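The structure appears below as structure tokens.
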Amino acid sequence: MADAPLNFAVVGCGALARAQHIPNLAASDRCVLHTCCDLSDAALAECRDVHGAKHLSRDWREALRNPEVQAICLATTERLRLPVIQLAAELGKPIYVEKPLATELAEAYEIQRVVHASGIPFCVGHNRRNSPAMIDAQRIFRQHMESPRPCPWRWDREGADRPPLPEDGVAQFCCRINDDWYSWKSWVFDPTQAPHGPMLFEMTHFTDLCNWFLAAEPVEVMAMDSGMLNHAVIIRYATGELATISLCANGTFGYPKELYEAMGNGGIVVVDHMCEIRTAGIADAPGRRTYPFLRDRHPALGQEGGIAGWLAKKRAACADVVRTGNPLDQFTAEPDKGHAHALDRFVDQIQGHGPEVCGIDAAVLATRVAFAAIRAAAEHRPVLLEEI
Ligand SMILES: NC(=O)c1ccc[n+]([C@@H]2O[C@H](COP(=O)([O-])OP(=O)(O)OC[C@H]3O[C@@H](n4cnc5c(N)ncnc54)[C@H](O)[C@@H]3O)[C@@H](O)[C@H]2O)c1
């Protein structure tokens, strides 16, 4: 018999929750959008009128304690994390928590302690791990790193005379993030809300992906930043592998936001904006694969899909804005960044049908790497993870 749908309470019904978690829960036949909790009456009214929330609340303790509520999605800004997780743990209720896990490391460690002690299913919203393109790319890359499938045409100039370098095959993972800070909302600049800026609240997405793709222990971090908008981070792993993260918020939404390139063992796997992956040098791996878009307002354009298709749709959407004057019209054909799949896979985990999605230990590790980068940039020196 199929499992009954789970009653979710969403705490914090702001921009992200109303764009992703709330409609995703409402659309899922495995979940019920049982309660929406926020301090804003306007947000709550939208949750009821647009998304069909069954119950509304301004008090998260009351929402969690409702015996009908079986699971929680916490999507307030990171100013509110530990108290909600503590109550969920006391009540034995699974909880999905938006990133970043906490604003300070001490709180992250306390959350880790509470989650381990209670044993509740726990998931952090590093949603990219659940993007269909990312899942394929990570699987192809890990398979190639663990059981290399070299291509038959690699140019091995020296053959048997090639020197035996110990780093032969060792991987590197590069993340390039093109963002536009003019789109950011005001709390991002408020040090009481986001004391470490994008180096924490954006960076944990990417440190998490580096850890996931390289599947090794991060040991050292170097970083520079220009303040809030430009960041360059290098992570060294115990395997000798390197990850680089380059984040620029003086970029443009007119071009894909994210490019990931994983290289090793004479092969490469590229994830372009989570709508296309490309590989080379890996025997039998698909050279190019494209993924469906979400909310495509320009289905007649760019029918080749992937990046070329996305760019055609995006150009048309940007032209729409010039006509309509509404900057939100530039969004079309969004890549699937895995938000809906993350909740779906978390339900699998809760119901005992699937593995941990992004658990507390992975999230704490990603947070520690981000804090090592924050310290490295502030102190202009490489920082060892063991210092953090
Ligand atoms: N995973 C992603 O892709 C992604 C994207 C954007 C934001 N985020 C994260 O999601 C979180 C929310 O971001 P946002 O952009 O939606 O912010 P937001 O400011 O739009 O929303 C936060 C909401 O929480 C509500 N809130 C605050 N205190 C509350 C309380 N005590 N009880 C109930 N509700 C309360 C606010 O009224 C607001 O509606 C942040 O931590 C952010 O880092 C994640």
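The values are calculated or read from the model by the stated rules, or taken from the named source; none is laboratory data. Bear in mind the structure is a predicted one, so any value in this text is a computation, not a measurement. A quick note on method: Cβ atoms are made from the backbone with ideal geometry, for glycine too, and the neighbour counts reach across all protein chains shown.
Listed conditions (1) closer than 25 Å to residue 99 by Cα; (2) away from the ligand (no atom under 16 Å from the Cβ); (3) of a type outside the set (D, E, K, R); (4) at pLDDT 95 or above are all met by residue 227, apart from (4).
Of all residues in segment 230-258, those being touching a residue at least 60 places away in the same chain (Cβ under 8 Å), part of a loop (DSSP other than H, G, I, E, B) and either away from the ligand (no atom under 16 Å from the Cβ) or touching a His at 6+ places or on another chain (Cβ under 8 Å) (or both) number 9.
With the structure loaded, tell me whether residue 48 is basic (Lys, Arg) and more than 9 Å from the ligand (Cβ to nearest atom) or whether it fails that test. Yes; evaluated as a whole, the condition is true for this residue. Of the helices (runs of 4 or more DSSP H) contained entirely in segment 32-148, those carrying at least 2 residues that are over 25 Å from residue 369 (Cα atoms) and outside the structural domain of residue 197 (by TED's automatic domain parsing) fall at 41-49, 60-65, 82-91. Checking every residue in segment 182-190 against the condition of being within 13 Å of the ligand (Cβ to nearest atom), farther than 18 Å from residue 269 by Cα and among the polar types (S, T, N, Q) gives at least one match. Counting only helices (runs of 4 or more DSSP H) that sit completely within segment 306-388, those holding 1 or more residues that are surrounded by 22 or more Cβ atoms within 10 Å (Cβ to Cβ) and among the small types (Gly, Ala, Ser) correspond to 339-350, 360-379. Scanning segment 74-122 for residues that are over 22 Å from the mean Cα position of the chain (by Cα) and either modelled with pLDDT under 95 or hydroxyl-bearing (Ser, Thr, Tyr) (or both) gives a single hit, 118. Among the residues examined, residue 86 does not qualify as away from the ligand (no atom under 16 Å from the Cβ), surrounded by 13 or more Cβ atoms within 10 Å (Cβ to Cβ) and among the polar types (S, T, N, Q). Of all residues in segment 1-55, those that are out of contact with any strand residue (DSSP E or B) (no Cβ under 9 Å at 6 or more places or on another chain), over 24 Å from residue 348 (Cα atoms) and of a type in the set (Gly, Ala, Ser) total 4.
Among the conditions (1) free of Cβ contacts under 8 Å to residues at least 40 places away in the same chain; (2) of a type outside the set (Ser, Thr, Tyr); (3) more than 14 Å from the ligand (Cβ to nearest atom); (4) surrounded by 19 or more Cβ atoms within 10 Å (Cβ to Cβ), the only one that residue 38 does not satisfy is (3).
Against the test of being touching a residue at least 40 places away in the same chain (Cβ under 8 Å) and exposed (fewer than 14 other Cβ atoms within 10 Å of the Cβ), the options 98, 68 yield a single qualifying residue, 68.
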